[in-house]
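Below you'll find the structure, written out as structure tokens, and then a few comments.
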Amino acid sequence: MAKPYYVTTPIYYVNDKPHIGHAYTSLATDVLARWKRLEGQEVFFLTGTDEHGQKVEKAAQDAGMDPQEFTDRVSQSFRVLADRMGFSHDDFIRTTEPRHKAACQELWRRLAARDEIYLGAYEGWYAVRDEAFYGPDELTERDGVKYAPSGAPVAWVKEPSYFFRLSKWQDWLLQYYEDNRRFIAPESRRNEVISFIKGGLSDLSISRTSFRWGIPVPGDAAHVMYVWLDALTNYITAAGFPDEGHPRWKFWPADVHFVGKDIIRFHTIYWPAFLEAAGLAPPRRVFAHGWWTNEGQKISKSLGNVIDPLALIEEYGLDPVRYFLLREVPFGNDGDFSRAALAGRTNGELADALGNLANRTLSLIQRNCEGKLPAPLENPHLMHDTTLHSGISDLREKVGKALEDQQFHSALEHIMFEVRYANSYITQMAPWALKKTDPVLMSQVLRLLHDALRVFGTVLQPFMPTTMDALLDQLGVPKNQRQLADLATPLPGGIPLPPPSPLFRKIELAA
Ligand code: MSP
């Protein structure tokens, strides 16, 4: 039997409230999780919040709050986001939970027992905003301040620290990438990581002594664990680590970790090295997506152009936003958010192409077929136009292939291609004119269009769960027959269909 499927989002820093970038990573994860469930797989979908470290401690101080109280509050806003975005996660982990502390400390003990950790002193540059160490050659200087490549200011740090023997894993990592060609995606990121490693890896500082907000190092409470060691471990904590008899341990290793391009090194270098060094299996794949800009500008708090995903779905509706984010930009590339583009996609593809197709077809069935589904096509291959029939028969497989590679935009393009074709088919066949001249052909045309809509509604469920639920209701598809495998069984003719109602609202932009 295939291993059950495990997908994760990054766990989000609770230094600030959620924005569009957080919603985006989780949305991709949600769609893949839903697709796998639709295929009939057992899925574990994990998300959560990253609550330790200097950055969060500082945000709590700035808010004049105790860090635990502060993280309780901000973590809650990420749950609210997940809820409003319709995410279907199976667990929401917080790194301040006792189960996570236990997992981190056990991982540490295993690394120490295998002589992968030694005590030393760290002296070098650190960026609190990235929670990352940088070498001097990576920095640039402006007005006497040094900056990391991410734009975060760095400060000189000197303190006792434990180190992980990362340098010794250099060759192993390169070999792992070679043997597992799918491990880092997209390909351009893979090359970037490989050349970074070829530049040489130093041992990694994995504990801090200059602040307290973290998980204590076992046996040396003067140190707290480096927040990235703590954070990455969340993926095994939730799978039950260290209890390998835990019912969720069967999910490990993760099938896909979704991350933004800014955190790829942590996931593709440190994480597999920690795991391999501790005798645990590394994850199977890390996909790094690009970043969004807002109407052409970098998103930043200081520019005041942060996009609040809750406001967006309030204004435009959840499913159009979900659709837009994955449709507009090839997954992996950077993309620009604009209201005009959102309106264009919603109006052109959802309201006009898909929504009208459903409405025209279902209204004609109401009017001309007494509201009953016409009989299944006995031999669709004998119909004069077989393109639509073969197009929808292959669609599930095409979408599945695209999603196997996390190419959400091409999955949606395959679907839209058939939707557009179905629209030209209805125009060309003009079933409204056939009632008197050829009622048999009219029924066949409407049935073929109904079959097409059922395929669209089924494969689009992961992207737009609420609206596709409504579409499948209008199509008369029973709730327990909405899996991909159910598409192989035609619905019986004669079932009564409810009167249709519009699925999408057009967006009108103020001039
Ligand atoms: N806490 C770490 C992750 C630890 S995972 C073991 C972290 N958190 S974060 O909250 O800062 O970022 C979470 C994700 O949001 C990252 O994947 C990041 O790429 C993504 N985004 C932040 N801003 C973004 C955009 N403007 N556009 C798209 N995604 C962006 O990093």
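The values are calculated or read from the model by the stated rules, or taken from the named source; none is laboratory data. Because the structure is predicted, anything quoted here is derived from the model rather than measured. Neighbour counts are summed over all protein chains in view; Cβ atoms, including those assigned to glycine, are modelled from backbone coordinates with ideal geometry.
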For segment 295-334, enumerate the residues that are at pLDDT below 95 and assigned to a strand (DSSP E or B).
Gln297, Lys298
Flag if Lys17 is within 15 Å of the ligand (Cβ to nearest atom), part of a loop (DSSP other than H, G, I, E, B) and modelled with pLDDT under 95:
yes
Can you work out which of the residues in segment 346-372 that are among the basic types (Lys, Arg) and in a helix (DSSP H, G or I) is farthest from the chain's Cα centre (by Cα)?
Arg367
Of the listed residues (Asp220, Asp203, Asp230), the one being touching a strand residue (DSSP E or B) at 6+ places or on another chain (Cβ under 7 Å) and acidic (Asp, Glu) is Asp203
Step by step: first the residues of segment 36-60, then only those that are away from the ligand (no atom under 16 Å from the Cβ) and either at positive phi or of a type in the set (S, T, N, Q) (or both), then the one that is surrounded by the fewest Cβ atoms within 10 Å (Cβ to Cβ). Which residue is that?
Gly40
Within segment 464-500, residues being surrounded by fewer than 17 Cβ atoms within 10 Å (Cβ to Cβ) and either at positive phi or among the β-branched types (Val, Ile, Thr) (or both) number 4
Is it the case, given these coordinates, that Tyr226 is buried (at least 21 other Cβ atoms within 10 Å of the Cβ) and away from the ligand (no atom under 16 Å from the Cβ)?
no
Exactly one of these conditions fails for Gly240: (1) surrounded by 15 or more Cβ atoms within 10 Å (Cβ to Cβ); (2) away from the ligand (no atom under 12 Å from the Cβ); (3) closer than 30 Å to Val321 by Cα. Give me its number.
(3)
Could you please find all residues in segment 65-81 being without any contact (Cβ under 8 Å) to a residue 40 or more places away in the chain and of a type outside the set (A, V, I, L, M)?
Asp66, Gln68, Glu69, Asp72, Arg73, Gln76, Arg79
Phe337 meets each of (1) of a type outside the set (Lys, Arg); (2) within 21 Å of Leu487 (Cβ to Cβ); (3) buried (at least 16 other Cβ atoms within 10 Å of the Cβ) with one exception, condition (2)
Restricting segment 1-14 to residues that are touching a residue at least 60 places away in the same chain (Cβ under 8 Å) and assigned to a loop (DSSP other than H, G, I, E, B), which is nearest to the ligand (Cβ to nearest atom)?
Val14
Check segment 176-186 and report whether any residue there is within 16 Å of the ligand (Cβ to nearest atom), surrounded by 14 or more Cβ atoms within 10 Å (Cβ to Cβ) and among the polar types (S, T, N, Q).
no
Contacts under 8 angstrom Cβ, first residue in segment 260-276 being under 20 Å from Ser150 (Cα atoms), partner of a type in the set (Phe, Trp, Tyr) and within 11 Å of the ligand (Cβ to nearest atom), 6 or more apart:
Gly260/Trp291; Lys261/Trp291; Asp262/Trp291; Phe266/Trp228; Tyr270/Trp228
Within segment 290-328, how many residues turn out to be aliphatic (A, V, I, L, M), near the ligand (Cβ under 10 Å from one of its atoms) and closer than 25 Å to Val256 by Cα?
1
From the list Ala63, Ala33, exactly one residue is out of contact with any helix residue (DSSP H, G or I) (no Cβ under 9 Å at 6 or more places or on another chain) and more than 16 Å from the ligand (Cβ to nearest atom). Which is it?
Ala33
Confirm whether Arg454 is in contact with a Gly (Cβ under 8 Å, 6 or more places away or on another chain), charged (D, E, K, R) and assigned to a helix (DSSP H, G or I).
no
Report yes if Gly214 is away from the ligand (no atom under 13 Å from the Cβ) and out of contact with any strand residue (DSSP E or B) (no Cβ under 9 Å at 6 or more places or on another chain), otherwise no.
no
Subset of segment 137-178, residues among the polar types (S, T, N, Q) and assigned to a loop (DSSP other than H, G, I, E, B), comes to Ser150
Taking segment 483-500 as the search range and keeping residues that are of a type in the set (Gly, Ala, Ser) and touching a residue at least 40 places away in the same chain (Cβ under 8 Å), which one is nearest to Glu39 (Cα to Cα)?
Ala485
Residues that are on the phi > 0 side of the Ramachandran plot and among the small types (Gly, Ala, Ser): does segment 133-144 have at least one?
yes
Cβ-Cβ below 7 Å, separation at least six or inter-chain, first residue in segment 463-480 and without any contact (Cβ under 8 Å) to a residue 24 or more places away in the chain, second of a type in the set (D, E, K, R) and crowded, with 21+ Cβ neighbours inside 10 Å: which pairs?
Val477/Arg454
Going by the conditions given, is Leu166 under 29 Å from Gly332 (Cβ atoms) and surrounded by 19 or more Cβ atoms within 10 Å (Cβ to Cβ)?
yes
Out of the residues in segment 92-136 that are of a type in the set (Asp, Glu) and closer than 21 Å to Ala273 by Cβ, state the one that is surrounded by the fewest Cβ atoms within 10 Å (Cβ to Cβ).
Asp115
